[in-house]
Amino acid sequence: MRAAARSSGARWRDRVAASDPGLLRLAAGLRTVGAISLTLAVLSLVGADVSHLVAGAIAAMVATFAVREQERDRQAGTLALGLPVALASVSLAALLSSRVLAGDVFFVALIFCAVYGRRFGDRGTALGLIGFQVYFLALFVGVGTSTLPGYYGVLAVAFACSAVARFVLVPQTSTGILERLRQAFRARLAQLLDAQLELLDAGPDDADRALGQVREGTARLHETAMMIQGRLAEGTPDEAVAGLVQRRIAEAEITAERLGLLLLTARSAERADTLTLHLPGAALPEGGELPWRDDALDTLRRDLQALHLLVRHPAAQVSGTASALMRNRLLGYRDEENLPKASPAVQDVFRGVGEAARAVLGLRIALDGPQDESDDSPETARSREELDAEDASIGAEEDEGAAEEATGLRRPTTRAAVQVAVGSSLAIVGGELLSAHRWYWAVLTCWIVFLNTASTGEILVKGYRQLLGTVLGVVAGIVLAGLVGQHTWTAFAVVLLCVFAMFYTAPLSYTLMSFFVTAALGVLYTLLHTYSLSVLVLRVEETALGAACGIVAAALVLPVRTDRRTNELLTTVLDRLTDVTGAAVEQLSGGPPADLLDRARDLDQALADLRAATQPLTHPVTPLRTRRDTARYVVALLETCAYHARSLAATAELLPTHPSIAADPRLRRAGQRILHNTGAIAARVADERSAAEVLTGPSIAALLKPGVPGTPRYGRVTDRVLRHLQRLDEAVVGLARPLGVPVAPGAPPK
């Protein structure tokens, strides 16, 4: 029973780790709730009234969520600087409370400075956010010059309690976050293997659902790998360790994705297209379903379960002879003589299992330290030797030059500051026409819709989501105010629950976050004795007005159209794709080594930015269905290209140490057409008047016929390189049609 309880607890921890990588959302919610609770406790001990309690709760929340830096010393510095900024902001709000015009002008200037401060990084963003939110707080609770000293004390208590919550109650270190992200990567990799096993066994009625789970698991694994990439510099002791972890994470991700593709191929009559793993709604390839009763498939199911076990548990938890035998068996599939008798497609899956087991072994060594080698088989010993040779080849990263930064109104922070200032001015005018006392809600909404947005379309979608969440939150606020409005501490407990839910759901759904914010406000209004149905209805009206003012400002003042934004990001993705592919092909052709994995991650980051920017185009409510489908198809094709480019980069990284990979100068010629075509598409996207054309011709596999005297003999890995180049070539040519780039037959450029 104890073993079953431990197993159940481990599964529960894995689910939590997979759903919240690094426990970042949980920590943010607990830290904020802890800061607010501690502030309320301290203020209640000194006999503060309800207005001061509400002000303290809001100030503690602002002081906690505004600070986003990763290093603890920088967090402490920003928090220390935030207190004088907050004191200055509340002082000016109190002094200008009786001067309507001067107060409005200063509020607009403050908003401009707060948004412009984003150009100075996380600290500038945090201080600007604190200044704005504390000014809003002063308007919300009605701070006047006579009550100003009391609110000074409230702010000091709130910032001190925020520091205690951050550094004592819910401490987080870069090393600890990275360790939890590694656990999340393990958990999500295990979940992906579960989905792949389900795909293997899925019947005709369940196949599409199983494929959807594999597709979702692949995307979630990639998301976690990107999060780890962003934490390596601060969470590891030196660049060598960071490079080692980066390589092992990349290998595990690539081999897991390739294993899913091989399973798809084994289920179909033809080789599956990589696009199937990335295009939402893409159906399974037809024909060639796997048989239900087959010794090789029974062995494959068992081996996938064994691989899942190796992934899910660290080495210390699965030590012993049985674990070693299981690991040795899986690694044995890297040798041809150990493959079971089966169709070529199913044998490819076993090869994929062997490569995945090697990646898991490397991941264990990187994350858990040296392993027991006493029960190693010859195949396992060979894999360890390869991994050791790769680890020794990791060098220090080279610093790249800083990119040229835009100036003046072309700088995104300056443009956004001007837009928010104009939108806020409109919101102030319109808000005061609706209510002389609650007009600031319109300004707050206008401010919020500009956060983390870069185009008119993104602002439109965010405004719609905030309005929807606010309307639903008003209904919840009415119910909650009626239930707990007369019980002060019960009401604060409900507010704390709403705050936790707000921070826990913020990265998942902006609508849910707005819902919990509005529900909490309904309770706060009750505590301040200003609650009424008309107040909550006014909240909806002010929200709609603020969102409309933000959209108008974004559309008319220095507008950045969604098409322009996506075209810029698409060009960046294509440039990064050219960098990765060109460097990988050059290294595989015998050229000097390059920093390929970092370039591959730059490509992934550019693709993530593009995916976020296309949300207005792919939103379910968009009336432009054809445009939505085209955007989804283009992003899926680019994800396919990124997968093959990552695989080429990972293979090229192995070139100096892997005995079955040899440099081949002819690969340079094979890659020329791909590089030409990505450059041509980028040129056409950047300038429609460009005359660049995409070239087609013989398949890359045909360009590299083996057997020519003086060339190296091809092994399985070299064949895999050719398949990646071929698929990459096909995907790049496939981009031409939806992007309107002309295609012409022709030989690769010399």
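The values are calculated or read from the model by the stated rules, or taken from the named source; none is laboratory data. Every value quoted in this text rests on a predicted model; they were computed, and no experiment measured them. Ideal geometry is used to build each Cβ from the backbone, glycine not excepted, and the neighbour counts take in all protein chains shown. Calculation scope for accessible area: heavy atoms of the full protein, side chains included, ligands and nucleic acids excluded. Shrake-Rupley method; radii C 1.70, N 1.55, O 1.52, S 1.80 Å.
Yes or no, residue by residue, for (1) small (G, A, S); (2) modelled with pLDDT under 90; (3) open to solvent by less than 20 Å² (accessible area, probe 1.4 Å):
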| site | (1), (2), (3) |
| --- | --- |
| L297 | no, yes, yes |
| V311 | no, yes, yes |
| A324 | yes, yes, yes |
| L363 | no, yes, yes |
| D376 | no, yes, no |
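Quick grid of which residues meet (1) surrounded by fewer than 16 Cβ atoms within 10 Å (Cβ to Cβ); (2) in contact with a Lys or Arg (Cβ under 8 Å, 6 or more places away or on another chain); (3) assigned to a helix (DSSP H, G or I); (4) of a type outside the set (V, I, T):
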position	(1), (2), (3), (4)
A156	yes, no, yes, yes
F159	no, no, yes, yes
F167	yes, yes, yes, yes
L178	no, yes, yes, yes
R182	no, no, yes, yes
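For the range 540-547, does any single residue satisfy the condition of being among the acidic types (D, E) and open to solvent by less than 30 Å² (accessible area, probe 1.4 Å)?
Step one: list which residues in the range 540-547 are among the acidic types (D, E), which gives 541-542.
Keeping just the survivors that are open to solvent by less than 30 Å² (accessible area, probe 1.4 Å) gives 542.
There is at least one residue in the range 540-547 that is among the acidic types (D, E) and open to solvent by less than 30 Å² (accessible area, probe 1.4 Å).
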Practice item. Only one of these is within 29 Å of P280 (Cα to Cα), of a type in the set (G, A, S), open to solvent by less than 50 Å² (accessible area, probe 1.4 Å) and modelled with pLDDT under 90: A670, A663, A652, A612. Name it. Key: A612
Revision key, fill the gap. Cβ pairs under 9 Å, 6+ apart or interchain, first in the range 664-680 and farther than 16 Å from L577 by Cα, second β-branched (V, I, T) and open to solvent by 60 Å² or more (accessible area, probe 1.4 Å), ordered by first then second residue, are R666/V708
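Working carefully through the options V535, V499, V523, find the one that is in contact (Cβ under 8 Å) with a residue 40 or more places away in the chain, of a type in the set (A, V, I, L, M), assigned to a helix (DSSP H, G or I) and surrounded by fewer than 22 Cβ atoms within 10 Å (Cβ to Cβ). Quick ask: steps written out before the conclusion?
Numbers: V499 fails: surrounded by fewer than 22 Cβ atoms within 10 Å (Cβ to Cβ); V523 fails: surrounded by fewer than 22 Cβ atoms within 10 Å (Cβ to Cβ).
Within the list V535, V499, V523, the selection yields V535.
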Check your understanding: Here are some residues: L81, L101, L95, L127. Which one is of a type outside the set (K, R), out of contact with any strand residue (DSSP E or B) (no Cβ under 8 Å at 6 or more places or on another chain) and surrounded by 19 or more Cβ atoms within 10 Å (Cβ to Cβ)?
Key -> L127
Review point. Is there a residue being of a type in the set (A, V, I, L, M), assigned to a helix (DSSP H, G or I) and within 22 Å of L363 (Cα to Cα) anywhere in the range 204-219?
Key: yes
Check your understanding: Looking at (1) in a helix (DSSP H, G or I); (2) in contact with a helix residue (DSSP H, G or I) (Cβ under 6 Å, 6 or more places away or on another chain); (3) more than 22 Å from M61 (Cα to Cα), which is the only condition L137 fails?
Key -> (3)
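Take the residues of the range 387-400 that are surrounded by fewer than 18 Cβ atoms within 10 Å (Cβ to Cβ) and not hydrophobic (A, V, I, L, M, F, W, C): which is modelled with the highest pLDDT?
Residues of the range 387-400 that are surrounded by fewer than 18 Cβ atoms within 10 Å (Cβ to Cβ), as a first pass: 388-389, 391-400.
If we keep only those that are not hydrophobic (A, V, I, L, M, F, W, C) too, we end up with 388, 391, 393, 395, 397-400.
Details: D388: 77, D391: 70, S393: 63, G395: 49, E397: 42, E398: 42, D399: 41, E400: 44.
Per the stated criteria, the residue is D388.
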Check your understanding: Which residue, of L556, L569, L596, is in contact with an Asp or Glu (Cβ under 7 Å, 6 or more places away or on another chain) and open to solvent by 10 Å² or more (accessible area, probe 1.4 Å)?
Key -> L569
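It is to be established whether one or more residues within the range 446-453 are within 15 Å of A554 (Cβ to Cβ), touching a Ser or Thr at 6+ places or on another chain (Cβ under 8 Å), open to solvent by less than 10 Å² (accessible area, probe 1.4 Å) and assigned to a helix (DSSP H, G or I). I'd like the intermediate steps shown before the answer.
Here is the first cut: in the range 446-453, the ones within 15 Å of A554 (Cβ to Cβ) are 446-453.
If we keep only those that are touching a Ser or Thr at 6+ places or on another chain (Cβ under 8 Å) as well, we get 446-447.
Of the ones still in play, those that are also open to solvent by less than 10 Å² (accessible area, probe 1.4 Å) are 446-447.
Going one step further and asking which of them are assigned to a helix (DSSP H, G or I), we end up with 446-447.
The answer is yes; a qualifying residue exists.
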Exercise for review: Would you check if there is a residue in the range 193-212 being farther than 21 Å from R358 by Cβ, open to solvent by 30 Å² or more (accessible area, probe 1.4 Å), of a type in the set (K, R) and within 22 Å of the chain's Cα centre (by Cα)?
Suggested key: no
Point to revise | Failed item in (1) open to solvent by 40 Å² or more (accessible area, probe 1.4 Å); (2) touching a residue at least 24 places away in the same chain (Cβ under 8 Å), with I254 passing the rest | key: (1)
Revision key, fill the gap. Sole miss for L40 among (1) crowded, with 20+ Cβ neighbours inside 10 Å; (2) within 28 Å of the chain's Cα centre (by Cα); (3) not charged (D, E, K, R) is condition (2)
Exercise for review: Go through the range 257-271 residue by residue and tally those that are over 30 Å from L232 (Cβ atoms) and either open to solvent by less than 20 Å² (accessible area, probe 1.4 Å) or out of contact with any Ser or Thr (no Cβ under 7 Å at 6 or more places or on another chain) (or both).
Suggested key: 8
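Of everything in the range 337-389, what is acidic (D, E) and closer than 29 Å to R267 by Cα? Give them in sequence order.
Step one: of the range 337-389, the residues acidic (D, E) are 337, 348, 355, 368, 372-373, 375-376, 379, 385-386, 388.
Of everything in the range 337-389, those that are acidic (D, E) and closer than 29 Å to R267 by Cα turn out to be E337, D348, E355, E379.
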Study note, to complete from the structure: Taking first residues from the range 322-340 that are basic (K, R) and second residues anywhere that are open to solvent by less than 40 Å² (accessible area, probe 1.4 Å) and not in a helix (DSSP H, G or I), the pairs with Cβ under 8 Å that are 6 or more apart or on different chains are none
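In this structure, does Q75 turn out to be farther than 21 Å from G431 by Cα and part of a loop (DSSP other than H, G, I, E, B)? Talk me through it step by step, then tell me what you get.
Working: farther than 21 Å from G431 by Cα: yes; part of a loop (DSSP other than H, G, I, E, B): no.
Spelling it out, it is not the case that Q75 is farther than 21 Å from G431 by Cα and part of a loop (DSSP other than H, G, I, E, B).
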Study note, to complete from the structure: Across the range 479-490, the tally of residues that are buried (at least 17 other Cβ atoms within 10 Å of the Cβ) and outside any loop (DSSP other than H, G, I, E, B) stands at 3
Exercise for review: Would you mind telling me which numbered condition in (1) modelled with pLDDT under 90; (2) assigned to a helix (DSSP H, G or I); (3) open to solvent by 20 Å² or more (accessible area, probe 1.4 Å) L508 fails?
Suggested key: (2)
